[in-house]
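The values are calculated or read from the model by the stated rules, or taken from the named source; none is laboratory data. Source: prediction; values computed, not measured. For neighbour counting, all protein chains shown are included, and Cβ atoms are generated from backbone atoms with ideal geometry for every residue, glycine included.
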Amino acid sequence: MEFRPDSDNASPVQADLLIRNALVVTMDAEARVIDNGAVAVRDNLIVGVGETKDLDDTFTASRVIDGRRKLVMPGLINTHTHSPMTIYRGFADDLPLRDWLYDYIFPTESAFTSPENVRAGTRLAIAEMLLSGTTTFNDMYYYMDEMASVVDQVGIRAVLSEGLIDFPAPNSPSPAEGVSNIEGLIKKWKNHPRLRIGVGVHSPYTVSPHWLKRGKELADHHGLLYNVHLAETRWEFDYIQKKFGHSPAKHLHLTGVLDHNVVAAHGVHLTDEDIRLLADHGVGVAHNPQCNMKLASGVARIPELLKAGVRVGLGTDGVASNNDLDLFDEMRTMAFLHKLNSGDPTVISAREALEMATMGGARVLGMDQETGSLESGKKADLIVLDMNQPHAHPVYNIYSLIVYSLRGADVQHVMVDGRWLLFDRKLCSLDLGRLYEKVEGIAGKIKEEAMRLGIFNGH
């Protein structure tokens, strides 16, 4: 709720923080953009958003930040990534997805995905995300308890989905043990203020119908998100079509798993019928344009998905296939890609692109009541960008400026759940120097072993 005095003579309401004199882009239902705006925060909630003069009359704060030449907006939401894979950045580039996955990534993960390496990779990923304005991410990987401990310590918001796959995974020799891992995570991290557990089934081509269903039953029973890679490549589409007689999306439908709690990553190769199925079942789609471009997987039919009413958010995928976690860069790429692919420069406007990276992502993750916009009563997840940059002027259309001109490096402060995690470009809960040293040591061991096994694709 928004706190307002009952009369002109009422005492100001106490807040912890007041950012004033800023350009505020709310991304709320009215799409309010406030030229001389202010945001008030108390505890972990936004308690006021409006004109500076109005909030000055309403609030007194223990800390006041001058927002002149600053842009305040919601934190960005990454709807699909694999954070620990930062340790494989650049390890196997310029390959088709199936070769990349089966010949390089799966064998290397089997050898090097350990609790220690997952912790280091997750810290590196979160540092990169915070420095480029991401406040929430949706992840599927292994050793999720290790990831959860890092998320808890650093302070970011996340959905963490333990992976199910038919063959032995780094921390689960069988899908049955993967289910047990998920149940243990649910019990341990239940009611955490910033962390949710989910179920992650890798894909229709690596997970049998039995385990696709079992994972969905588990997700439904506990009210969890169900993450799955879907129709990412033409190879996958043809393989599932040949094996089951249907497209990957229809295969999931006939298996009984398409539903409102499903987050389908990629969705590149969808038929008209597939799009109707996703819309009819309320499935959310995580769009990963740069990864799909780099692996030559294809261009997802995002304009058609949006027209059909499908919830769409933006993701980066893991850095082994992107190779960064900067959602500002991803937004710009997405908008340009769909304009070029459609031959229509009006497709995916700047405002639509920003919507996908904020409220669109929140809707996909079922978090639209708590984050994704700057509104009273929502969690205090916000970012402050430095507008004192040549590429930030002049301002004709603020959405165009944000998507086409601003950069992740312009992010100056990041707040999650009412706590500063980045201030003046300095991370508040991570030691980058020690982290870089740790990650480079891990990479050296990976390179040495990969060269011995003949699966190194670098120099």
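Do you know which residues across the stretch 387-424 are touching a strand residue (DSSP E or B) at 6+ places or on another chain (Cβ under 6 Å) and either among the aromatic types (F, W, Y) or over 23 Å from L314 (Cα atoms) (or both)?
M387, G418, F423
Checking the structure you have, find out if any residue of the stretch 188-202 is modelled with pLDDT of 95 or more and in a helix (DSSP H, G or I).
The answer is yes, given that some residue of the stretch 188-202 is modelled with pLDDT of 95 or more and in a helix (DSSP H, G or I).
Against the condition farther than 28 Å from R214 by Cα and either in contact with an Asp or Glu (Cβ under 8 Å, 6 or more places away or on another chain) or modelled with pLDDT of 95 or more (or both), how does E273 come out, does it pass?
Values: farther than 28 Å from R214 by Cα: no; either in contact with an Asp or Glu (Cβ under 8 Å, 6 or more places away or on another chain) or modelled with pLDDT of 95 or more (or both): yes.
Criteria not met by E273.
Out of the residues in the stretch 196-219 that are among the aliphatic types (A, V, I, L, M) and closer than 15 Å to Y143 by Cα, state the one that is surrounded by the fewest Cβ atoms within 10 Å (Cβ to Cβ).
Looking at residues that are among the aliphatic types (A, V, I, L, M) and closer than 15 Å to Y143 by Cα, I get I197.
Taking the stretch 51-67 only, how many residues are without any contact (Cβ under 8 Å) to a residue 40 or more places away in the chain and not polar (S, T, N, Q)?
Filtering the stretch 51-67 for residues without any contact (Cβ under 8 Å) to a residue 40 or more places away in the chain gives 51-56.
Of the ones still in play, those that are also not polar (S, T, N, Q) are 51, 53-56.
Number of matching residues: 5.
If I filter the stretch 53-107 down to residues being among the hydroxyl-bearing types (S, T, Y) and assigned to a strand (DSSP E or B), which single residue comes out as nearest to N322 (Cα to Cα)?
T81
For residues in the stretch 356-381 being touching a helix residue (DSSP H, G or I) at 6+ places or on another chain (Cβ under 6 Å) and assigned to a loop (DSSP other than H, G, I, E, B), which is farthest from G133 (Cα to Cα)? Spell out the reasoning first.
Narrowing the stretch 356-381 to residues touching a helix residue (DSSP H, G or I) at 6+ places or on another chain (Cβ under 6 Å): 357, 368, 371-373.
Checking which are assigned to a loop (DSSP other than H, G, I, E, B) leaves us with 368, 371-373.
Values: D368: 18, T371: 14, G372: 12, S373: 14 Å.
The qualifying residue farthest from G133 (Cα to Cα) is D368.
Scan the stretch 117-153 residue by residue and report those that are under 22 Å from I105 (Cβ atoms), among the β-branched types (V, I, T) and either in the same structural domain as S405 (by TED's automatic domain parsing) or not in a helix (DSSP H, G or I) (or both).
none
I'd like to know if the stretch 125-133 contains one or more residues that are buried (at least 22 other Cβ atoms within 10 Å of the Cβ) and not hydrophobic (A, V, I, L, M, F, W, C). Before you say what the answer is, go through the steps one by one.
So the first thing to find is which residues in the stretch 125-133 are buried (at least 22 other Cβ atoms within 10 Å of the Cβ), and the list is 125-127, 129-130, 132-133.
Narrowing further to those that are not hydrophobic (A, V, I, L, M, F, W, C): 132-133.
Yes, the stretch 125-133 has at least one match.
Can you tell me which of (1) out of contact with any helix residue (DSSP H, G or I) (no Cβ under 7 Å at 6 or more places or on another chain); (2) polar (S, T, N, Q); (3) closer than 24 Å to K187 by Cβ; (4) in a helix (DSSP H, G or I) is the one S110 doesn't meet?
(3)
Examine the stretch 226-234 for a residue that is in the same structural domain as D329 (by TED's automatic domain parsing) and over 24 Å from P96 (Cα atoms), and state whether such a residue exists.
The first filter runs over the stretch 226-234 and keeps only residues in the same structural domain as D329 (by TED's automatic domain parsing), leaving 226-234.
Now restrict to residues that are over 24 Å from P96 (Cα atoms): 226.
The answer is yes; a qualifying residue exists.
Which residues, taken from the stretch 421-457, are of a type in the set (D, E) and in a helix (DSSP H, G or I)? Give the derivation first.
Filtering the stretch 421-457 down to residues of a type in the set (D, E) leaves 424, 431, 437, 440, 448-449.
Once the filter is applied, which keeps residues that are of a type in the set (D, E) and in a helix (DSSP H, G or I), the stretch 421-457 yields E437, E440, E448, E449.
Here is a check on your reading of the model: is L306 buried (at least 23 other Cβ atoms within 10 Å of the Cβ) and among the hydrophobic types (A, V, I, L, M, F, W, C)? Spell out the reasoning first.
On the way: buried (at least 23 other Cβ atoms within 10 Å of the Cβ): no; among the hydrophobic types (A, V, I, L, M, F, W, C): yes.
Against the criterion (buried (at least 23 other Cβ atoms within 10 Å of the Cβ) and among the hydrophobic types (A, V, I, L, M, F, W, C)), L306 does not qualify.
Please go through the stretch 154-167 and give me each residue that is in contact (Cβ under 8 Å) with a residue 40 or more places away in the chain, under 19 Å from R214 (Cβ atoms) and in a loop (DSSP other than H, G, I, E, B), ordered by number.
I165, D166
Looking at the stretch 68-78, can you tell me whether even one residue there is in contact (Cβ under 8 Å) with a residue 24 or more places away in the chain and surrounded by fewer than 18 Cβ atoms within 10 Å (Cβ to Cβ)? Quick ask: steps written out before the conclusion?
Initially, the stretch 68-78 is screened for residues in contact (Cβ under 8 Å) with a residue 24 or more places away in the chain, giving 68-78.
Now narrow it down to the ones that are surrounded by fewer than 18 Cβ atoms within 10 Å (Cβ to Cβ): 68-69.
Yes, the stretch 68-78 contains at least one residue that is in contact (Cβ under 8 Å) with a residue 24 or more places away in the chain and surrounded by fewer than 18 Cβ atoms within 10 Å (Cβ to Cβ).
Restricting the stretch 107-124 to residues that are surrounded by fewer than 24 Cβ atoms within 10 Å (Cβ to Cβ) and among the β-branched types (V, I, T), which is nearest to R419 (Cα to Cα)?
In this case the residue turns out to be T113.
Residues that are touching a residue at least 24 places away in the same chain (Cβ under 8 Å) and closer than 30 Å to Y396 by Cβ: does the stretch 98-108 have at least one? Give the derivation first.
Applying the first criterion (touching a residue at least 24 places away in the same chain (Cβ under 8 Å)) to the stretch 98-108 yields 98, 100, 103-105, 107-108.
Narrowing further to those that are closer than 30 Å to Y396 by Cβ: none.
Looking for residues that are touching a residue at least 24 places away in the same chain (Cβ under 8 Å) and closer than 30 Å to Y396 by Cβ, one finds none in the stretch 98-108, hence no.
If you go through the stretch 206-232, how many residues are over 18 Å from D317 (Cα atoms) and in contact with a Pro (Cβ under 9 Å, 6 or more places away or on another chain)?
Looking only at that region, the number is 7.
Scan the stretch 31-60 residue by residue and report those that are touching a Pro at 6+ places or on another chain (Cβ under 9 Å) and either of a type outside the set (S, T, N, Q) or under 10 Å from R20 (Cβ atoms) (or both).
D56, D57, F59, listed by residue number.
Among the residues of the stretch 376-397, how many are surrounded by 18 or more Cβ atoms within 10 Å (Cβ to Cβ) and out of contact with any Gly (no Cβ under 9 Å at 6 or more places or on another chain)?
2
Give all pairs with beta carbons closer than 6 Å in which a residue from the stretch 431-454 that is basic (K, R) meets a residue that is in a helix (DSSP H, G or I); count only pairs at least 6 apart in sequence or on separate chains.
Cβ pairs passing all conditions: K438/A120.
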